[in-house]
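Please read the structure below before turning to the comments.
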Amino acid sequence: MEETFSASHHYRTGGTHTIELYLDFACPFSARMWHTVYSQLVSEYRDFGLIFRHQIQPWHPSSLAMHEAALAVARLSPHNFWMFCDALFTRQSEFFDEAVVDLTRTQVYGRLADIAMSVNAVDDRLELLQLLD
């Protein structure tokens with residue numbers, strides 16, 4: 001993993017075991033995996049680490065924009081990456097094909113920036129949008 005994102009994409013390093021999650025923000029199956037691992041395992045078990053791996057699937061058109069937004073959040077505010085991931089998986093239906101078919105790419109980025117702001121993942125919406133531009 002690129003050094004720039006190592007700190008943000010590793011959660012609880014140094015455990016006995018490490019789970020690597022290969023997930024796509026626009027995939028319902030990835031969301032199910034995320035909620036199982038992040039919501040249940042993280043709260044119940046302490047002796048393992050997590051690594052987030054971006055797995056962009058081309059049949060989910062808005063996936064790329066969602067992953068770009070996550071990388072932008074990771075660059076601006078690495079400690080808020082996991083919180084933003086949780087928000088993206090929770091609100092992923094807002095980025096399914098039928099929800100964004102009439103939106104421009106800039107409008108999709110705007111929605112993603114709004115989500116980042118709503119969970120306090122970034123302090124400056126404009127700075128996030130500039131990274132996405």
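Taking first residues from region 121-133 that are aliphatic (A, V, I, L, M) and partners that are open to solvent by 80 Å² or more (accessible area, probe 1.4 Å) and modelled with pLDDT of 85 or more, the Cβ contacts under 7 Å between residues at least 6 apart in sequence or on separate chains come to L131/R75. Of the residues T36, T18, the single one that is open to solvent by 50 Å² or more (accessible area, probe 1.4 Å), among the polar types (S, T, N, Q), at pLDDT 80 or above and in a helix (DSSP H, G or I) is T36.
Looking for something open to solvent by less than 60 Å² (accessible area, probe 1.4 Å) and part of a helix (DSSP H, G or I) - is there at least one such residue anywhere in region 43-55? Checked region 43-55: no residue is open to solvent by less than 60 Å² (accessible area, probe 1.4 Å) and part of a helix (DSSP H, G or I). Report the residue count in region 40-78 for those that are within 28 Å of E98 (Cβ to Cβ) and touching a residue at least 12 places away in the same chain (Cβ under 8 Å). Adding up the residues that qualify gives 19. Taken together, L76, L64, L88, L71 contain a single residue that is open to solvent by 10 Å² or more (accessible area, probe 1.4 Å) and under 9 Å from the mean Cα position of the chain (by Cα), which is L71.
The values are calculated or read from the model by the stated rules, or taken from the named source; none is laboratory data. The structure displayed is predicted, hence computed values, not measured ones. No Cβ is skipped: glycine too gets one built from the backbone with ideal geometry, and neighbour counts run over all protein chains shown. Remember, those area values only see protein heavy atoms, side chains included, never the ligands or the DNA or RNA. Shrake-Rupley method; radii C 1.70, N 1.55, O 1.52, S 1.80 Å.
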